[in-house]
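Asks: One structure coming up, written as structure tokens, with questions to follow.
The values are calculated or read from the model by the stated rules, or taken from the named source; none is laboratory data. All of these numbers come straight from a predicted model, not from anything done at the bench. Cβ placement follows ideal geometry from the backbone for every residue including glycine, while neighbour counts extend to all protein chains displayed. Ligands, DNA and RNA are excluded from the accessible area calculation, which covers all protein heavy atoms including side chains. Shrake-Rupley method; radii C 1.70, N 1.55, O 1.52, S 1.80 Å.
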Amino acid sequence: SQQVRGMATLKMISIRLKSVKNIQKITQSMKMVSAAKYTKAERELKSARPYGIGAQEFYKKAEVKDEEGEKGQLIIAVSSDRGLCGAVHSSIGRIVKTDIAASPNTKVVIVGDKVRNILQRLYAKNIAMVVTEVGRKPAVFGDAALVAQSIINSGIEFSKGKILFNAFRTVVSFRTTEMPLYSQNAVANASKLPVYDSLDSDVIQSYTEFSLASLLFYSMKENATSEQSSRMTAMDNASKNAGEMIDKLTMTFNRTRQAVITRELIEIISGAAALETKN
Amino acid sequence: MALTRSALRLFSGRFTQACQVRGYADAPSMSLTFAAPSQVLYNNISVKQIDVPSFSGSFGILPAHVPTLAVLKPGVVTVFENDGSTKKFFVSSGTVTINEDSTVQLLAEEAVPVDTLDISAAKELLAQSQSQLASASSEVAKAEAEISIEVSEALVKACE
């Protein structure tokens, strides 16, 4: 019966070996694809950074502060639809969860399915809007404008707001960051607003709407770059792990194969010896 | 095109450095960041003057301009650089922010150098938008066609 077990184990090991080799091929090709997408994303991010930083300048220079009020908080969580990219989506989900726990009157606009899956179970009633079909193609300004328009059209009111995204640092690291969002009232009551000449509510409205789209666009670009670089690293680690498993399995396979051969030899030889002694 | 543009930016940067070393008594400088989502035209570059088309009228921005916010209309932005050269860009829409410390952020949705515009394509776009307005049924479609006409009229004007 040990012989039978040996043969069965051999078959099982070879099946497992084949499947791990396939997985390694898949993760390696995913890493290549991510590397190509990352290069493109990083290039587009470099062009988008001055735009994104410029869009935040007014709020800093005019010292705009969150509105005093009880209209609650708005969080725009930027992620994407695809996984296998390390901690990119879970870090955003974690921060949203702690924020909602701290201030329950929070509405979340989710860009991308992954964070929706994280929040769906416990915080479904805080989810105001979900944007899907995110991440397959690089984001363009029109996408951000569409999301911004939907947010404006939905009439969500908030006293305090932020955009949560992963800011790209280097190929191996990203940082989950938040960009503040201010309502029109907050801008109108900014301490340094009187310094700005000839402003009426129309200009402030157009300005805040355009700036919402601009900030969203910038955060989408940063997040996309972080996601691709994180996926590259994750798939690279997966390939290395698969490689280690293949080495170990190959060793086990060879040892098992030799054990089976040895067992067969022993049986043959002991059978022959038994026949000889009989004679 | 991009090579000459970046070379010019480098040149104007060095020139302003030399200017500052020579005469601090000059007018205070104005730092311009002019960018579109897909490209940067000026990133914190010191310039002399900027003319912008806005919904509250076209105006020129000089150093120490009063702080203000404005919404851009489709039209031509003219940047007068420190070395005396002038650059014209067509912008489709966007915002301009002038802060207290004379920093200017010009964020355009689309910005292209005027000499890359093709007048025949612009005239074709105008004709198309006019026919769109004629055949528009809903308020939204009408508004979109009117926006298209405004942009194409400005494009044709910029080419001339």
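Asks: Across region A:255-271, what is the number of residues that are out of contact with any helix residue (DSSP H, G or I) (no Cβ under 7 Å at 6 or more places or on another chain) and either among the β-branched types (Val, Ile, Thr) or farther than 17 Å from A:Ile13 by Cβ (or both)? Step through it out loud before you land on a result.
Replies: In the first step, residues of region A:255-271 are kept if they are out of contact with any helix residue (DSSP H, G or I) (no Cβ under 7 Å at 6 or more places or on another chain); the result is A:255, A:258, A:261-262, A:264-271.
Going one step further and asking which of them are either among the β-branched types (Val, Ile, Thr) or farther than 17 Å from A:Ile13 by Cβ (or both), we end up with A:261-262, A:264-271.
So the answer is 10.
Asks: Need the failing condition index for A:Met32 against (1) away from every other protein chain (no Cβ under 14 Å); (2) not in a helix (DSSP H, G or I); (3) not aromatic (Phe, Trp, Tyr), just the number.
Replies: (2)
Asks: Can you confirm whether region A:188-197 contains a residue that is among the hydroxyl-bearing types (Ser, Thr, Tyr), more than 19 Å from A:Val134 (Cα to Cα), within 14 Å of chain B (Cβ to nearest Cβ) and in contact with a Pro (Cβ under 6 Å, 6 or more places away or on another chain)?
Replies: Yes, some residue in region A:188-197 is among the hydroxyl-bearing types (Ser, Thr, Tyr), more than 19 Å from A:Val134 (Cα to Cα), within 14 Å of chain B (Cβ to nearest Cβ) and in contact with a Pro (Cβ under 6 Å, 6 or more places away or on another chain).
Asks: A further question follows. Among the candidates A:Lys11, A:Lys60, single out the residue that is within 14 Å of chain B (Cβ to nearest Cβ), more than 24 Å from A:Ala234 (Cα to Cα), free of Cβ contacts under 8 Å to residues at least 12 places away in the same chain and open to solvent by 40 Å² or more (accessible area, probe 1.4 Å).
Replies: Sole residue among the options that is within 14 Å of chain B (Cβ to nearest Cβ), more than 24 Å from A:Ala234 (Cα to Cα), free of Cβ contacts under 8 Å to residues at least 12 places away in the same chain and open to solvent by 40 Å² or more (accessible area, probe 1.4 Å): A:Lys60.
Asks: Got a number for residues in region B:91-109 being touching a residue at least 12 places away in the same chain (Cβ under 8 Å) and open to solvent by 10 Å² or more (accessible area, probe 1.4 Å)?
Replies: 6
Asks: If you don't mind, there's one more thing I want to ask. Among the residues of region A:63-102, how many are within 14 Å of chain B (Cβ to nearest Cβ) and of a type in the set (Val, Ile, Thr)?
Replies: Looking only at that region, the number is 1.
Rundown of residues vs (1) more than 41 Å from the chain's Cα centre (by Cα); (2) crowded, with 18+ Cβ neighbours inside 10 Å, yes/no style:
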| site | (1), (2) |
| --- | --- |
| A:Ser229 | no, yes |
| A:Lys240 | no, no |
| A:Glu244 | no, no |
| A:Thr250 | no, no |
| A:Leu265 | yes, no |
| A:Ala272 | yes, no |
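Asks: Sticking with this structure for a sec: Scan region B:77-124 for residues that are charged (D, E, K, R) and within 14 Å of another protein chain (Cβ to nearest Cβ) and jot them down.
Replies: If the condition is that a residue be charged (D, E, K, R) and within 14 Å of another protein chain (Cβ to nearest Cβ), then B:Glu100, B:Asp101, B:Glu109, B:Glu110 are the ones that fit.
Asks: I would also like to ask the following. Of all residues being open to solvent by 60 Å² or more (accessible area, probe 1.4 Å) and in a helix (DSSP H, G or I) in region A:153-187, which is farthest from A:Val203 (Cα to Cα)? Just the residue, please.
Replies: Going through the qualifying residues, I end up with A:Asn153.
Asks: Next question. Residues that are among the polar types (S, T, N, Q): list the strands (runs of 3 or more DSSP E) wholly contained in region B:33-136 that include at least 3 such residues.
Replies: Correct list: B:39-52.
Asks: Here's another thing I want to ask about it. Residues in region B:27-76 that are at the interface with chain A (Cβ under 10 Å from one of its Cβ atoms), surrounded by fewer than 17 Cβ atoms within 10 Å (Cβ to Cβ) and of a type in the set (Ser, Thr, Tyr): how many?
Replies: Here the count works out to 2.
Asks: Residues in region A:92-106 that are open to solvent by less than 60 Å² (accessible area, probe 1.4 Å) and either at pLDDT 95 or above or not polar (S, T, N, Q) (or both): how many?
Replies: Restricting attention to region A:92-106, the residues satisfying the condition of being open to solvent by less than 60 Å² (accessible area, probe 1.4 Å) are A:92-93, A:95-96, A:99-100, A:103, A:106.
With either at pLDDT 95 or above or not polar (S, T, N, Q) (or both) added as a condition, the list becomes A:92-93, A:95-96, A:99-100.
Going through region A:92-106 one residue at a time, the tally reaches 6.
Asks: Could I ask something else about it? So which residues in region A:107-125 are more than 20 Å from the chain's Cα centre (by Cα) and surrounded by 19 or more Cβ atoms within 10 Å (Cβ to Cβ)?
Replies: Answer for region A:107-125, where residues must be more than 20 Å from the chain's Cα centre (by Cα) and surrounded by 19 or more Cβ atoms within 10 Å (Cβ to Cβ): just A:Lys107.
Asks: Right, here's the next one. Sort out which residues of region A:74-90 are of a type outside the set (Asp, Glu) and either open to solvent by 10 Å² or more (accessible area, probe 1.4 Å) or assigned to a loop (DSSP other than H, G, I, E, B) (or both), and write them in order of number.
Replies: Within region A:74-90, the first condition is being of a type outside the set (Asp, Glu), and the residues that meet it are A:74-80, A:82-90.
Selection gives A:Ser79, A:Ser80, A:Arg82, A:Gly83, A:Leu84, A:Cys85, A:Gly86, A:Ala87, A:His89, A:Ser90.
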